[in-house]
Every structure is written in structure tokens, then in C-alpha cells.
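The values are calculated or read from the model by the stated rules, or taken from the named source; none is laboratory data. Please read these numbers as outputs of a predicted model, since none were measured by experiment. Here the Cβ positions follow ideal geometry from the backbone for every residue, glycine too, while neighbour counts run over all protein chains shown. Ligands, DNA and RNA are stripped out before the accessible areas are found, and what is left, the full protein with its side chains, is counted by its heavy atoms. Shrake-Rupley method; radii C 1.70, N 1.55, O 1.52, S 1.80 Å.
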Amino acid sequence: MSPDELVTEFCRRWADPDPAELAAFFAEDAVFHNIPMEPIRGRAAIEKYIVGFVTSFGAIDYRIHHQAVSGNVVLNERTDVFTMNGRTIELPVTGVFEIVDGKIAACRDYFDPTPFTTGN
């Protein structure tokens, strides 16, 4: 898969999330960083995080609006749509993915977590 295809498929898989499958997209020593939080280092820790995330939030509909590729770096502008307690939360996100040897070596998601606390 090209870096573009890999990121698109990774985002698509969150609609029916399997933590082991999602973690398999990452390199063994990958870093996953939701910028408002601390970075998560290593595939095993990323999988553990995904398990907790899926338990709390369930599936996510990643609506990619724009995606650009420069070599092994993929940037996407998207809206991540969550359904929590019967309420839909739309979270604008910009994701930066660094791909090495067909795996995500680094992923940084930039967003404002306010919609989770205010409902807006």
C-alpha cells in the first residue's frame, strides 16, 4: 500500500474498530500523539490505548475532507464523528502520519477537545 492508501485504510477501520488490527498499522516503536495529551510510545502501548478508547467511545466515523501526501508523510483534515450517550460529537482534526516501511511510525492528531466537554 502507498502511504496515502495506508492512512485512508487506517482511518476507515475506525468505523468498526478492532484494537489489534488498528495497532497492526503501527511500527513496533511508533509514537501516537493526540497533541492535547501525552504521547504513547510503542505498538503494545498504542494497542492498550486503543482498547481503552474503544471501550469508552466505540466506533469513530473519520470523515476525511482533504488529504495530502509528500513522500512518506500524509496529512489529513477531517472530522471525527463520535456517538456518546445518544449524542453526536463532531471533532475537527488535522492528522499527520509518518510512514516507514509500510507502517505508521508516527501519528500526531491536532484538535481542540472542547466539544467533549461542552457538547458543541
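Restricting N72, N85 to those that are open to solvent by 80 Å² or more (accessible area, probe 1.4 Å), polar (S, T, N, Q) and modelled with pLDDT under 95 reduces the list to N85. Taken over the range 18-30, residues that are open to solvent by less than 40 Å² (accessible area, probe 1.4 Å) and either under 8 Å from A105 (Cα atoms) or among the charged types (D, E, K, R) (or both) amount to 3.
Consider the range 88-106 and keep the residues that are of a type outside the set (V, I, T) and open to solvent by 20 Å² or more (accessible area, probe 1.4 Å). The one that is farthest from S56 (Cα to Cα) is D101. Here I35 meets the list (1) more than 13 Å from the chain's Cα centre (by Cα); (2) open to solvent by 40 Å² or more (accessible area, probe 1.4 Å); (3) modelled with pLDDT under 95 almost entirely, failing just condition (1).
The residue pairs whose first member lies in the range 83-112 and is over 22 Å from D29 (Cα atoms) and of a type outside the set (S, T, N, Q), whose second member is part of a strand (DSSP E or B) and open to solvent by 40 Å² or more (accessible area, probe 1.4 Å), and whose beta carbons are closer than 7 Å, counting only pairs six or more residues apart or on different chains, are V93/Y110; F111/P92. G42: touching a strand residue (DSSP E or B) at 6+ places or on another chain (Cβ under 9 Å), modelled with pLDDT of 95 or more, open to solvent by less than 20 Å² (accessible area, probe 1.4 Å) and over 17 Å from C11 (Cα atoms), yes or no? In short, yes. Output the number of residues of the range 75-112 satisfying the condition of being part of a loop (DSSP other than H, G, I, E, B) and either among the basic types (K, R) or closer than 16 Å to H33 by Cα (or both). Selection size over the range 75-112: 2. The set of residues from the range 45-68 being open to solvent by less than 30 Å² (accessible area, probe 1.4 Å) and assigned to a helix (DSSP H, G or I) comprises I46, I50.
Residue count for the range 13-55, restricted to those that are touching a residue at least 40 places away in the same chain (Cβ under 8 Å) and over 16 Å from K103 (Cα atoms): 7.
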